[in-house]
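Derivation of every value follows stated rules applied to the coordinates shown; laboratory data play no part. This structure is a prediction, so every number in the text was calculated from the model and none was measured.
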Amino acid sequence: MPPRKRTRAGLGFLCCFGSSEPLEINLKDTVPLQLLEFSSPMPPAEELHARFSELVDELDLTDKNREAMFALADEKKWQIYCSKKKEQEDPNKLATSWPDYYIDRINSMAA
């Protein structure tokens, strides 16, 4: 017996809703995205490149990835540098964003 041909409406996850019309998505969050603001201004290009070079060395990247990092715009380099340094200053603050943190906390409470 040859395979049965399906109509377009019968394919995909929309068939579960019984309609081939696309669903409308409404966002209820009206807060606009905000750029990160850094407490210190971007240093001169030479200093920025020296700091960023140290950061890239710490990351131990492959040559291809190192080249890609150094090809970024200065503003992006500064953003990466600041976010990485902020993470290093207070590692426990960012630890709460990982599920492992909460799993460990629950396990310690259960013990």
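For Asp63 and Glu75 in one chain, what is 0.36 nm times their gap in residues minus the Cα-Cα distance, to one decimal in nm? If you can, show how the numbers build up before the last one.
Numbers: separation 12, 0.36 × 12 = 4.32 nm, distance 2.18 nm.
Gain on extension, Asp63 to Glu75, equals 2.1 nm.
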If we restrict to alpha carbons, what Rg and Dmax does segment 36-89 come to, in Å?
10.9, 31
